[in-house]
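Engineer: Below is one structure. I have some questions about it.
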Amino acid sequence: MIRTLSYAALSGTLLLSVNASAKDTTTQQYIDTLTELGYPAPKGNELVHIPPTMEDLESAKLHPELKRVIRRGYDLFTNTQQLRGENVFNNMNCSSCHLGEGRMPFSAPVWPAAVTLPNFRGKNDHVNNLEERIAGCFTYSMNGKPPEYGSDNMLAISAYHQWLAKGVAMYPEQPIYGRGFPAPDRPEELSYARGEAAFEEKCSVCHGNYGEGLRVGSETVFPATWGDMSNNWGAGIVRIFTAAGFIKNNMPLGQPNSLSDQESWDIAYYMSNQERPQDPRYTGDVAETLKNTEARFHKHSMYGQTRETDGHVLGDHRNTGEKPFLKPDSIRSRTFE
Amino acid sequence: MKKIPILLTAFGLSSCSAWVFAEADAERGAASAAMCMACHQADGGGMNIAGGESWPRLAGLSATYISKQLHDYKSGARSNASMIPFASMLDEQQIEDVAAYYASLPATQGKGSEGADEATLNRGQQLAERGDWSAYIVSCKSCHGSDSQGAGGDFPGISGQHAGYIEAQLQAWKAGNRKNDTQDLMGSIARRMSDDDIHAVAVWLASQSPAGN
């Protein structure tokens, strides 16, 4: 088991430095735990950061009011369903995809956004800040409408992200260890039938045979992997490689890295062949929407393509799930002029 | 595998048409339960036995879960000297009936948390509600549902179960003596837990309410 220090940055040089101290030992234990779970060790000069926990927050030297706001951000991140009907229109919490309260490496830990933004983002072709990045996950992954920029909720969520990045220098030059959902190598061919069979064997006990997941009362226990209660077609995880990376590194729950690369990709391919709420960038025509978004995004998903099993054209519908609109007005371009 | 085929293959049955028991009947189940009372008690509340083998509360558990466990004892997939003889006495219909009977009883409060210190209870609560991701211990509620009161037929309610029983089961998974859970989901977690963590989560869960409201 690893103890948590507020942070530890490790590089090739640091490891060898005479100053090698408790921090390095903690970092080494952290890496050992991860490699035992099947994750790769950091390569070259990758930046390793152990995000602080909520227990660390209690003992941190921060203004009590700030602590209260960070706790609020944590609460919104792990129970985003409290914004259901206002900002969230599916069964997801932020922590449904960002496991371990947004702290786990290889599960798109969220703190890197706090130290790498503002920056240019290909997905929307302009410079984004942290709030806009968070707004992106609300718009697509939560099939929702982001809280207003600068609102209490937005500020609280950003504060939680920033707290997790505590101690990391702004705009790090090193690559970040465990960022995103790193995908395993893509196998030669992907199979819908194999993906379906593997999903039923390994995933359906929690996510259901129809990807519907499970709710108890107003709480999501198992989120929906597709369908109306899942993320919409614009979410990053609909890209097959992102889904394969998520699955390989995080699922089945509690058993990371237990699936083969082939299984992870087959399941991701099968999932990308299922319907979900419309992409908020939809123009009214699936072929046109595909043309607009293909190069930067949908070339990696099955959106607008014909499903081999029944000839259904994926994304060819006006269904926005529970959300009573297509596109929140926070999706807009910026020109900085 | 789809849910129904899991059950069918477990019984060696091959098609849905073979699934022809009469519907489960809790009243008939009450009759079979007469021979269970010595241990599981008349109210289905079981008993926490410090230093000995605790008898689990069955009252209010899901019928699907109870039925699976009885089948597992019968087939040997789950082994326990106290239970196997009793499970073996039940035929298919009696299993469904007795499962429906216990599922219909109001859940009772577990014991075994009395006198636990605050640090232990806090650690237990942390494991149950948030887990400890630094050791990849996923929170109990991630699978066992809101307040760990159960989620569907595959993830039993563990809140308000007896501490002695919870601890014994986690230790059994850790030692490889219980391995009848779907896809080794529970085993994967239990093997990452220290003895202290197992004790802490068991006593905290025992102090919690077994059912919503």
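Engineer: Any residue at all in the range A:148-160 that's under 16 Å from the mean Cα position of the chain (by Cα) and buried (at least 23 other Cβ atoms within 10 Å of the Cβ)? I'd like the intermediate steps shown before the answer.
Structural biologist: Initially, the range A:148-160 is screened for residues under 16 Å from the mean Cα position of the chain (by Cα), giving A:157-158, A:160.
Checking the rest, the ones that are also buried (at least 23 other Cβ atoms within 10 Å of the Cβ) come to A:157, A:160.
Yes.
Engineer: Residue pairs, Cβ under 6 Å, 6 or more apart or interchain, first in the range B:192-213 and without any contact (Cβ under 8 Å) to a residue 60 or more places away in the chain, second surrounded by fewer than 20 Cβ atoms within 10 Å (Cβ to Cβ) and not in a loop (DSSP other than H, G, I, E, B). List them.
Structural biologist: So the pair list comes out as B:ARG192/B:ALA135.
Engineer: Looking for whichever is surrounded by 18 or more Cβ atoms within 10 Å (Cβ to Cβ) and without any contact (Cβ under 8 Å) to a residue 40 or more places away in the chain here; the options are A:VAL238, A:VAL286. Which one fits?
Structural biologist: A:VAL286
Engineer: Then there's this: Looking at (1) closer than 27 Å to A:ASP75 by Cα; (2) touching a strand residue (DSSP E or B) at 6+ places or on another chain (Cβ under 9 Å), can you tell me which one B:ALA135 breaks?
Structural biologist: (2)
Engineer: Of the numbered conditions (1) under 14 Å from the mean Cα position of the chain (by Cα); (2) closer than 17 Å to B:HIS40 by Cβ; (3) β-branched (Val, Ile, Thr), B:THR182 fails exactly one; give the number of that condition.
Structural biologist: B:THR182 satisfies all of (1) under 14 Å from the mean Cα position of the chain (by Cα); (2) closer than 17 Å to B:HIS40 by Cβ; (3) β-branched (Val, Ile, Thr) except (2).
Engineer: May I pose another question? So, of the residues in the range A:221-231 that are more than 9 Å from every other protein chain (Cβ to nearest Cβ) and surrounded by 22 or more Cβ atoms within 10 Å (Cβ to Cβ), which turns out to be farthest from A:ASN273 (Cα to Cα)?
Structural biologist: So the residue we want is A:PRO223.
Engineer: Among the residues of the range A:164-173, is any in contact (Cβ under 8 Å) with a residue 40 or more places away in the chain, buried (at least 18 other Cβ atoms within 10 Å of the Cβ), more than 26 Å from B:GLN183 (Cβ to Cβ) and within 14 Å of chain B (Cβ to nearest Cβ)?
Structural biologist: yes
Every residue, every condition in (1) closer than 30 Å to B:SER194 by Cα; (2) modelled with pLDDT of 95 or more; (3) part of a loop (DSSP other than H, G, I, E, B), yes or no:
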{"site": "A:THR4", "(1), (2), (3)": "yes, no, yes"}
{"site": "A:ALA9", "(1), (2), (3)": "yes, no, yes"}
{"site": "A:ILE31", "(1), (2), (3)": "yes, yes, no"}
{"site": "A:ASN45", "(1), (2), (3)": "no, no, yes"}
{"site": "A:GLU55", "(1), (2), (3)": "yes, no, no"}
{"site": "A:LYS67", "(1), (2), (3)": "no, yes, no"}
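Engineer: So A:GLU294 ticks every box in (1) surrounded by fewer than 16 Cβ atoms within 10 Å (Cβ to Cβ); (2) among the acidic types (Asp, Glu); (3) touching a residue at least 24 places away in the same chain (Cβ under 8 Å) but one. Which box is left unticked?
Structural biologist: Condition (3) is where A:GLU294 drops out.
Engineer: Which of (1) without any contact (Cβ under 8 Å) to a residue 40 or more places away in the chain; (2) over 28 Å from A:TYR149 (Cβ atoms); (3) of a type in the set (Asp, Glu) does A:GLU308 not meet, given it meets every other one?
Structural biologist: Among (1) without any contact (Cβ under 8 Å) to a residue 40 or more places away in the chain; (2) over 28 Å from A:TYR149 (Cβ atoms); (3) of a type in the set (Asp, Glu), A:GLU308 violates only (1).
Residues checked against (1) outside any helix (DSSP H, G or I); (2) within 14 Å of chain A (Cβ to nearest Cβ); (3) hydrophobic (A, V, I, L, M, F, W, C):
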site	(1), (2), (3)
B:ASP97	no, no, no
B:SER113	yes, no, no
B:ALA116	yes, no, yes
B:ALA119	no, yes, yes
B:ARG123	no, yes, no
B:GLN126	no, yes, no
B:SER134	no, yes, no
B:SER142	no, yes, no
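Engineer: Identify, from the list B:ALA26, B:ALA33, the residue that is modelled with pLDDT of 50 or more, surrounded by 12 or more Cβ atoms within 10 Å (Cβ to Cβ) and either in contact with a Ser or Thr (Cβ under 8 Å, 6 or more places away or on another chain) or farther than 25 Å from B:TYR165 by Cβ (or both). Give the steps one after another, and end with the answer.
Structural biologist: Numbers: B:ALA33 fails: either in contact with a Ser or Thr (Cβ under 8 Å, 6 or more places away or on another chain) or farther than 25 Å from B:TYR165 by Cβ (or both).
The conditions single out B:ALA26.
Engineer: Looking only at the range A:35-69, filter to residues that are within 14 Å of chain B (Cβ to nearest Cβ) and either loosely packed, with under 14 Cβ neighbours inside 10 Å or in contact with a strand residue (DSSP E or B) (Cβ under 6 Å, 6 or more places away or on another chain) (or both); which one of those is nearest to A:ASP24 (Cα to Cα)?
Structural biologist: Residue satisfying both the conditions and the ranking: A:THR35.
The values are calculated or read from the model by the stated rules, or taken from the named source; none is laboratory data. These figures come from a predicted structure and were not determined experimentally. Cβ coordinates were reconstructed from backbone atoms using ideal geometry, including for glycine residues, and neighbour counts include every protein chain displayed.
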